[in-house]
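Colleague: Shown below is the structure under consideration.
The values are calculated or read from the model by the stated rules, or taken from the named source; none is laboratory data. Because the structure is predicted, anything quoted here is derived from the model rather than measured. Neighbour counts run over all protein chains shown; Cβ positions are idealised from the backbone, glycine included. The area values use the complete protein model at the heavy-atom level, side chains included, leaving out ligands, DNA and RNA. Shrake-Rupley method; radii C 1.70, N 1.55, O 1.52, S 1.80 Å.
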Amino acid sequence: MPYRAPVSDFQFLMDHIIGFDEVTKTDQFSESTPDMVDAILTEAAKMCEEIIAPLNRAGDLHPATLENGVVRTSPGFADGYRTITEGGWVGMSASPDVGGMGLPMTLTTAVNDMMSSSCLSLQLNPLMSQGQIEALEHHASDAIKDLYIPKMISGEWCGTMNLTEPQAGSDVGALRSKAEPNGDGSFAISGQKIYITWGDNDFTQNVCHLVLARLPDGVPGTKGISLFMVPKFIPDADGNPGKRNSLKVVSLEHKLGLHGSPTAVMEYDGATGWLVGPEHGGMAAMFTMMNNARLGVGVQGIGIAEAAYQHALGYAQERTQGKAGGSGTIIEHADVRRMLATMKAETYTARAIALMNAVAIDMSTATDDAGWKARAAFLTPITKAFGTDVGIETANTGIQVHGGMGFIEETGAAQFARDVRVTAIYEGTNGIQAMDLVARKLMDGGDAAFRLLEEIEQGAEAAKATYPDLAEAVWQSAESLREATEWLVAQSDLNQRFAGAVPYLRAFARVLGGHVHLGSAMAGDAARVKMASFYIKRLLPEHVGLLAHVREGADDLLAITVDDLVA
Ligand SMILES: Cc1cc2nc3c(=O)[nH]c(=O)nc-3n(C[C@H](O)[C@H](O)[C@H](O)COP(=O)(O)OP(=O)(O)OC[C@H]3O[C@@H](n4cnc5c(N)ncnc54)[C@H](O)[C@@H]3O)c2cc1C
């Protein structure tokens with residue numbers, strides 16, 4: 001079934017659920033009128049449906065390869081990339097001062113969702129550039145900004161992020177790459193980086209690597225890390241790609257999925273680089289890129305969930321099996337209906353959370369308000385982990401809807417599951433996201449969390465007269481979540497929080513989902529009411545078990561010794 005972009009869902013969420021009108025009321029984003037939003041969504045949908053989605057299978061069947069040190073990309077990817085860059089989609093949210101369109105992150109998020117559905121492997125390339133542009137805007141010198149950002153926005157050059165080393169994965173502070181001053185303002189970067197997404201390609205004139213490395217006086221751990229711009233070709237005096245830098249792709253990984261995205265082992269051998277941000281301030285600068293990418297990766301999960309759902313829906317409407325009644329196809333069976341309704345409701349929930357997250361980012365950019373900043377920071381790990389979990393679960397259910405054909409590659413159902421699996425791992429594993437949520441993001445005493453819970457309860461109050469049962473269920477779930485949040489905030493031993501971090505994050509997303517679906521029932525048509533009822537009665541109750549897990553703390557878990565595990 002060909003991909004159809006869910007433009008009406010984006011529009012409904014923007015008009016009724018996520019508070020996008022607040023964004024358009026700010027001076028900064030006042031040009032995002034309904035007509036402009038409609039035009040952008042429609043244009044992006046057309047590109048994704050007609051140009052990008054047809055490339056997805058080719059990327060899977062014909063992976064990127066390394067030939068004599070040169071990366072050759074999958075068939076059609078160069079043209080697809082050109083279409084994306086010529087449409088201006090890379091610099092949608094970049095500031096007009098540096099050649100961007102200055103549009104809200106909310107719109108970029110919707111467009112990234114569509115591009116992820118269409119071809120995740122290819123979409124990763126502009127996603128990396130978007131993150132790098134934001135990091136440079138905030139932390140680079142004017143000289144670096146002026147030279148690199150316009151080229152990245154135009155797509156002539158693209159960006160990567162280089163954190164991971166063999167001994168430094170989740171523990172970035174363990175990295176060993178070195179930076180030695182050259183005495184002329186530049187630095188010599190040496191070390192090996194692994195798993196570098198789009199480490200090279202054969203369609204941009206230059207590849208701009210943002211590399212984390214340690215200066216000679218850098219202390220051990222994250223506090224001694226600095227960030228460097230290390231281009232594949234060193235720009236000449238006119239800003240054109242000049243001398244080849246001393247860096248190379250050593251090999252490409254053979255992966256479970258995302259075959260079209262070259263994942264490189266990179267070697268830097270005294271490569272020339274320039275500092276981005278202050279010395280030893282690399283992690284703060286890289287966090288700008290990582291936060292952008294965390295929202296982006298959550299949205300990748302949602303995009304794949306949408307594509308997997310559409311695929312399964314199409315198959316279920318054609319396959320006849322058993323005494324199904326009605327159309328005679330498997331979509332008439334109650335269990336298949338359950339699977340499809342779950343896929344649809346979950347994708348919608350995760351999408352709404354990601355867009356709420358993007359609205360909070362836009363509001364903090366436009367107003368510099370601490371409350372919006374805290375809300376964006378709180379929602380980011382939820383968007384990343386829940387969005388990618390939904391992607392994985394939905395793609396998996398998509399295979400189940402297909403029966404045996406789901407396990408056969410030709411249907412494409414398996415590719416979604418293979419491609420999306422890594423999204424729960426990269427950009428900080430989902431476990432690390434959950435630990436961030438219960439530790440750093442609750443350091444405000446739970447303020448950002450409690451504000452969200454107040455909104456959820458207000459929404460439930462407002463819906464009480466119209467949908468009393470649904471509203472009561474959502475209100476109760478928010479109360480349970482409030483009690484669990486208070487319990488977590490009271491734990492000074494972080495292990496007590498970490499033991500239940502993953503279930504807590506999921507419970508928060510669940511309850512937010514209740515809020516979103518209840519709001520959709522209030523504002524939408526009969527179909528949205530039925531979907532809200534399905535979600536609130538059948539999926540929301542999961543929060544009870546999740547929160548019971550949270551409040552067990554760590555003692556019984558850590559009492560299970562290594563010996564017990566190997567016994
Ligand atoms: C396809 C792909 C593309 C990638 N792209 C990039 C890229 O472009 N740039 C880049 O720099 N990196 C990239 N990565 C690397 C990715 O970010 C790391 O794989 C990820 O951060 C996890 O690190 P790791 O693989 O070393 O796993 P580990 O850190 O060894 O983790 C193993 C397990 O232990 C858990 N764990 C680790 N530490 C803790 C802790 N303190 N507390 C609790 N649990 C813990 C993890 O959650 C995980 O379940 C990519 C990886 C892949 C597979």
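Colleague: Which count do you get for residues in region 14-56 that are open to solvent by less than 30 Å² (accessible area, probe 1.4 Å) and under 22 Å from residue 367 (Cα atoms)?
Modeller: The total comes to 9.
Colleague: Related question: Just one of (1) assigned to a helix (DSSP H, G or I); (2) open to solvent by 50 Å² or more (accessible area, probe 1.4 Å); (3) small (Gly, Ala, Ser) trips up residue 326, so point out which.
Modeller: (1)
Colleague: Right, another one. State the number of residues belonging to region 130-175 that are in a loop (DSSP other than H, G, I, E, B) and among the charged types (D, E, K, R).
Modeller: Adding up the residues that qualify gives 2.
Colleague: Which of the residues that make up region 240-264 are under 28 Å from the mean Cα position of the chain (by Cα), small (Gly, Ala, Ser) and assigned to a loop (DSSP other than H, G, I, E, B)?
Modeller: Result: 257, 260, 261.
Colleague: Residue under question is residue 448, and the condition is that it be assigned to a helix (DSSP H, G or I), buried (at least 16 other Cβ atoms within 10 Å of the Cβ), aliphatic (A, V, I, L, M) and within 16 Å of the ligand (Cβ to nearest atom); does it hold?
Modeller: No, not satisfied.
Colleague: Just give me the residues in region 164-205 being of a type in the set (S, T, N, Q), open to solvent by less than 40 Å² (accessible area, probe 1.4 Å) and either away from the ligand (no atom under 12 Å from the Cβ) or modelled with pLDDT under 95 (or both), in sequence order.
Modeller: Within region 164-205, 186, 201, 204 meet the criteria.
Colleague: Considering only region 396-432, state which residues are hydrophobic (A, V, I, L, M, F, W, C), away from the ligand (no atom under 16 Å from the Cβ) and part of a helix (DSSP H, G or I). Please lay out each step first, then the result.
Modeller: Of region 396-432, the ones hydrophobic (A, V, I, L, M, F, W, C) are 399, 401, 405, 407-408, 413-414, 416-417, 420, 422, 424-425, 432.
Cutting the leftovers down to away from the ligand (no atom under 16 Å from the Cβ) gives us 399, 401, 405, 407-408, 413-414.
Across region 396-432, the qualifying residues are 399, 401, 405, 407, 413, 414.
Colleague: Let me spell it out: the conditions are (1) without any contact (Cβ under 8 Å) to a residue 24 or more places away in the chain; (2) over 30 Å from residue 364 (Cβ atoms); (3) not hydrophobic (A, V, I, L, M, F, W, C), and residue 63 meets all of them except one. Which number is the exception?
Modeller: (1)
Colleague: Could you check how many residues of region 128-163 are within 16 Å of the ligand (Cβ to nearest atom) and open to solvent by 40 Å² or more (accessible area, probe 1.4 Å)?
Modeller: 1
Colleague: For residues that are under 24 Å from residue 58 (Cα atoms) and without any contact (Cβ under 8 Å) to a residue 40 or more places away in the chain, tally how many sit in region 376-405.
Modeller: Here the count works out to 3.
Every residue, every condition in (1) surrounded by fewer than 22 Cβ atoms within 10 Å (Cβ to Cβ); (2) among the basic types (Lys, Arg); (3) closer than 27 Å to residue 174 by Cα; (4) within 15 Å of the ligand (Cβ to nearest atom), yes or no:
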residue: 217; (1), (2), (3), (4): yes, no, yes, no
residue: 222; (1), (2), (3), (4): yes, no, yes, yes
residue: 225; (1), (2), (3), (4): no, no, yes, yes
residue: 231; (1), (2), (3), (4): no, no, yes, no
residue: 240; (1), (2), (3), (4): yes, no, no, no
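Each row is one residue, and each column tells you yes or no for (1) of a type in the set (Lys, Arg); (2) at pLDDT below 95; (3) in contact with a helix residue (DSSP H, G or I) (Cβ under 7 Å, 6 or more places away or on another chain).
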| position | (1), (2), (3) |
| --- | --- |
| 471 | no, no, yes |
| 477 | no, no, yes |
| 482 | yes, no, yes |
| 486 | no, no, no |
| 490 | no, no, no |
| 501 | no, no, yes |
| 522 | no, no, yes |
| 526 | no, no, no |
